1. Would you be able to say whether some residue in the range 105-121 is of a type in the set (Asp, Glu) and surrounded by 15 or more Cβ atoms within 10 Å (Cβ to Cβ)?
2. Restricting to the range 88-146, name every residue that is of a type in the set (A, V, I, L, M, F, W, C) and outside any strand (DSSP E or B).
3. Is it the case that some residue within the range 71-94 is surrounded by 11 or more Cβ atoms within 10 Å (Cβ to Cβ) and touching a residue at least 60 places away in the same chain (Cβ under 8 Å)?
4. Does Asp126 count as loosely packed, with under 11 Cβ neighbours inside 10 Å and within 20 Å of Leu45 (Cβ to Cβ)?
5. Select from the range 147-159 the residues that are in a strand (DSSP E or B) and either on the phi > 0 side of the Ramachandran plot or surrounded by fewer than 13 Cβ atoms within 10 Å (Cβ to Cβ) (or both) and list them in ascending order.
6. So which residues in the range 52-80 are modelled with pLDDT under 90, assigned to a loop (DSSP other than H, G, I, E, B) and not small (Gly, Ala, Ser), if there are any at all?
7. Being over 16 Å from the mean Cα position of the chain (by Cα) and either closer than 24 Å to Asp97 by Cβ or in a strand (DSSP E or B) (or both) narrows it down to one residue among Met15, Met9; which is it?
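The values are calculated or read from the model by the stated rules, or taken from the named source; none is laboratory data. Note that the coordinates shown come from a computational prediction; the quantities given were computed from them, not determined experimentally. Cβ sites come from the backbone with ideal geometry, for glycine too, and all protein chains shown count toward neighbours.
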Amino acid sequence: MHANIYYDMAGRPMMIYNIDSNTRKTFADAADKRMRTSDSRKHILEYEYDILQRPVKTVLFLDDIAIPLGMAILSTEYGTAAQTDQNLNGQAAIQYDQSGISTVEAADFKGNPLRTIKQFTQEYKDYIDWHTNTVELLDKTYSNSQTYDALNRPADTSL
């Protein structure tokens, strides 16, 4: 496989061209966080971070159709101090992605999720925009519980 890789002044790959994936461009900030990526299919992804530099949102802009503000295709909510008894303070508690909503109900003291719930979206053929609150979800939810050994390996999983 032959690839042309162009680097920025900090030595990070900025543009990669290869025959399989064509051209991909990545722009990072001074803290080495991805801010914007684009590809040859004219998909532009912008990444948003909170004050603690945790990823909170990924916004997709499609150049071939008119989307004025972009679509939030991935969004993460973090646990607050009120959720300390579930060990979710500062941990990713709710994640909205293209398959649906994943909710972590509790974590152990190391941050490993103990109980999670997944609720899928009804739409699966088009992009889902989490900017809007009109995303239709299936009624059925799926739960998962895990226990971990001392090396953070899943010891027991029940679906």
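1. At the first step, the residues of the range 105-121 found to be of a type in the set (Asp, Glu) are 105, 108.
With the extra rule that they be surrounded by 15 or more Cβ atoms within 10 Å (Cβ to Cβ), the set shrinks to 105.
Yes, the conditions are met somewhere in the range 105-121.
2. Result: Leu88, Phe109, Ile128, Trp130, Val135.
3. Scanning the range 71-94, I find at least one residue that is surrounded by 11 or more Cβ atoms within 10 Å (Cβ to Cβ) and touching a residue at least 60 places away in the same chain (Cβ under 8 Å), so the answer is yes.
4. Yes; evaluated as a whole, the condition is true for this residue.
5. Result: Thr147, Pro154, Ala155, Asp156, Thr157, Ser158.
6. Once the filter is applied, which keeps residues that are modelled with pLDDT under 90, assigned to a loop (DSSP other than H, G, I, E, B) and not small (Gly, Ala, Ser), the range 52-80 yields Asp63, Asp64, Ile65, Ile67, Pro68, Leu69, Thr80.
7. Going through Met15, Met9 in turn, the sole match is Met15.
This table checks each residue for (1) under 17 Å from the mean Cα position of the chain (by Cα); (2) of a type in the set (D, E, K, R).
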position: Ile101; (1), (2): yes, no
position: Glu105; (1), (2): no, yes
position: Asp108; (1), (2): no, yes
position: Gly111; (1), (2): no, no
position: Glu123; (1), (2): no, yes
position: His131; (1), (2): yes, no
position: Thr141; (1), (2): no, no
